[in-house]
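Here is the structure we will look at.
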Amino acid sequence: MTKVVAIVGATGRQGGSVLRTLHASRSYKLRALSRNPNSDTARSIALECPGVEWMQADLNDKASLHRAFTGMDVVFGMTSFLDPELVARIRAGDVDAEFDQGKNIVDAAIAEGVKLLVYSGLDSMERLSGGKYPGAIQFEGKYKTQKYLLDRASRIQGVVIYLATHMQNYIHPRFSRISSVDNQTIEFTFPYHPTAQLPLVDPTTDTGPVVQYILDHPDEFSGAPVEVCGGYYSVADMVNAYVQATGKPARYVQIPFEDVGPDDLVQMFKGISEFGHYDGKGDFVELYKKISHRFTTLAEFWKSSSWTGPVHNKLPPVDQ
Ligand SMILES: NC(=O)c1ccc[n+]([C@@H]2O[C@H](COP(=O)([O-])OP(=O)(O)OC[C@H]3O[C@@H](n4cnc5c(N)ncnc54)[C@H](OP(=O)(O)O)[C@@H]3O)[C@@H](O)[C@H]2O)c1
């Protein structure tokens, strides 16, 4: 019988990729979730992917998740820092705000008899760093959810994916600016050493194929997190790819850690620099040999990007 799948974050990068990939496969019945299924983004994806059921759901509203997961065999779950309620709670010092949303997903999925929950998480930076960086809350909330999910293995199968750094971070206003020296050269600004190798991915193209493989072969997954990673690259590689793809002048400027924002982001960047994004480097390669999907390259990312460059020449104020 055709499996029915609910997708949290269907209007976003990861969930949108899952929705488009599963829709194109024609092997699943799909329910896309959004806080507002009538938004322009939701309507446009609905036109692109006909036959998908759209339903209102909010990760802060348990009852809406129960409704959204009713009758589902599979759930793709994630949390997002684009949620103002989540960000406000975190900025008010509530370090478990994201874990609460994760728990809401897991609890509703179990209560509604969902058989498989694929959850987009992250490793614990506290664990990776041996306790040196306990405050990278974007990592910890997801890791606590992972533990909460996997501790309930007798009631639901959980498979956790770890997305690598999104290529889209390079076009985030916080990490690029126009040089104040010549008012022309684009400066990409991170605190990483220019040659440090970091995992990168385009989540809009590469999340779906990995998740579809998990859905098609659930018995191959037994608890170890699955990396979603297009490869390991340095910031210098990314900037060179930008110059080659666009012909525009650009350079990398390594900024102090303290310039990236609040302490949790500083701890996150320091942790990634010193201890990596997650355990293992390249563990995904064997799995990806089985997945018939070619991951987006840096050149392809820049060529397909409609980004026209930063509009400012200094770091914008912190917004989260
Ligand atoms: N940037 C990176 O390098 C990186 C790397 C690894 C992991 N991550 C993690 O990736 C996550 C973001 O993923 P993304 O980039 O795919 O998301 P995104 O493109 O920012 O989209 C966010 C999605 O979440 C949905 N959403 C937000 N708040 C919600 C709520 N309260 N209830 C239900 N749905 C909600 C939005 O749907 P509606 O607006 O339609 O409701 C939207 O579809 C973050 O948790 C981040 O920590 C990021």
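No value in this document is a laboratory result; all are computed from the given coordinates. Only a predicted model underlies this, so the values are computations on that prediction, with no experimental measurement involved. Positions of Cβ are generated from backbone atoms using ideal geometry, with glycine treated the same way; all protein chains shown enter the neighbour counts.
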Using the structure shown, decide if residue 148 is away from the ligand (no atom under 13 Å from the Cβ) and either outside any helix (DSSP H, G or I) or in contact with a Lys or Arg (Cβ under 8 Å, 6 or more places away or on another chain) (or both). yes
Identify, from the list 106, 118, 114, the residue that is out of contact with any Cys (no Cβ under 7 Å at 6 or more places or on another chain), closer than 23 Å to residue 219 by Cα and assigned to a strand (DSSP E or B). 118
Six or more apart or on different chains, Cβ under 9 Å: which pairs go from a residue in the stretch 132-144 that's free of Cβ contacts under 8 Å to residues at least 24 places away in the same chain to one that's buried (at least 24 other Cβ atoms within 10 Å of the Cβ) and in a helix (DSSP H, G or I)? Could you list them? 143/125
With the condition kept exactly as written, say whether any residue in the stretch 51-59 is in contact with a Ser or Thr (Cβ under 9 Å, 6 or more places away or on another chain), surrounded by 20 or more Cβ atoms within 10 Å (Cβ to Cβ) and under 24 Å from residue 293 (Cβ atoms). no
Away from the ligand (no atom under 13 Å from the Cβ) and either without any contact (Cβ under 8 Å) to a residue 60 or more places away in the chain or in contact with an Asp or Glu (Cβ under 7 Å, 6 or more places away or on another chain) (or both) - does that describe any residue in the stretch 74-91? no
Looking only at the stretch 1-51, which residues are free of Cβ contacts under 8 Å to residues at least 40 places away in the same chain and β-branched (Val, Ile, Thr)? 2, 11, 41, 45
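For the stretch 94-138, enumerate the residues that are of a type in the set (A, V, I, L, M), more than 16 Å from residue 83 (Cβ to Cβ) and out of contact with any strand residue (DSSP E or B) (no Cβ under 8 Å at 6 or more places or on another chain).
Residues of the stretch 94-138 that are of a type in the set (A, V, I, L, M), as a first pass: 95, 97, 105-106, 108-111, 114, 116-118, 122, 125, 128, 136-137.
Filter again for more than 16 Å from residue 83 (Cβ to Cβ), leaving 106, 108-111, 114, 116-118, 122, 125, 128, 136.
Passing the criteria: 108, 110, 111, 125, 128, 136.
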Which ones in the stretch 175-194 are more than 29 Å from the chain's Cα centre (by Cα) and among the acidic types (Asp, Glu)? 182
For residue 138, indicate whether it is away from the ligand (no atom under 12 Å from the Cβ), outside any loop (DSSP other than H, G, I, E, B) and in contact with a helix residue (DSSP H, G or I) (Cβ under 7 Å, 6 or more places away or on another chain). no
Which residues, counting only those in the stretch 148-170, are out of contact with any strand residue (DSSP E or B) (no Cβ under 9 Å at 6 or more places or on another chain) and under 21 Å from residue 208 (Cβ atoms)? 168
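Consider the stretch 135-161. How many of its residues are under 19 Å from residue 277 (Cβ atoms) and surrounded by 17 or more Cβ atoms within 10 Å (Cβ to Cβ)?
From the stretch 135-161, those under 19 Å from residue 277 (Cβ atoms) are 135-147, 159-161; that's our starting set.
This time we only want the ones that are surrounded by 17 or more Cβ atoms within 10 Å (Cβ to Cβ), so: 135-146, 159-161.
The qualifying residues number 15.
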Just one of (1) part of a helix (DSSP H, G or I); (2) within 13 Å of the ligand (Cβ to nearest atom); (3) surrounded by fewer than 17 Cβ atoms within 10 Å (Cβ to Cβ) trips up residue 14, so point out which. (3)
Considering only residues that are crowded, with 24+ Cβ neighbours inside 10 Å and assigned to a helix (DSSP H, G or I), which ones fall in the stretch 17-35? 17, 18, 19, 22
Among the residues of the stretch 243-259, write down those that are in contact with a Ser or Thr (Cβ under 9 Å, 6 or more places away or on another chain) and in contact (Cβ under 8 Å) with a residue 60 or more places away in the chain. 248, 249, 250, 251, 252, 253, 254, 255, 257, 259
Among what's in the stretch 192-227 and is among the acidic types (Asp, Glu) and in contact with a helix residue (DSSP H, G or I) (Cβ under 9 Å, 6 or more places away or on another chain), pick the residue that is nearest to residue 21 (Cα to Cα). 206
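From the list 232, 242, pick out the single residue that is aromatic (Phe, Trp, Tyr), out of contact with any His (no Cβ under 7 Å at 6 or more places or on another chain) and in a helix (DSSP H, G or I). Show your work before the answer.
Values: 232 fails: in a helix (DSSP H, G or I).
On inspection, the qualifying residue turns out to be 242.
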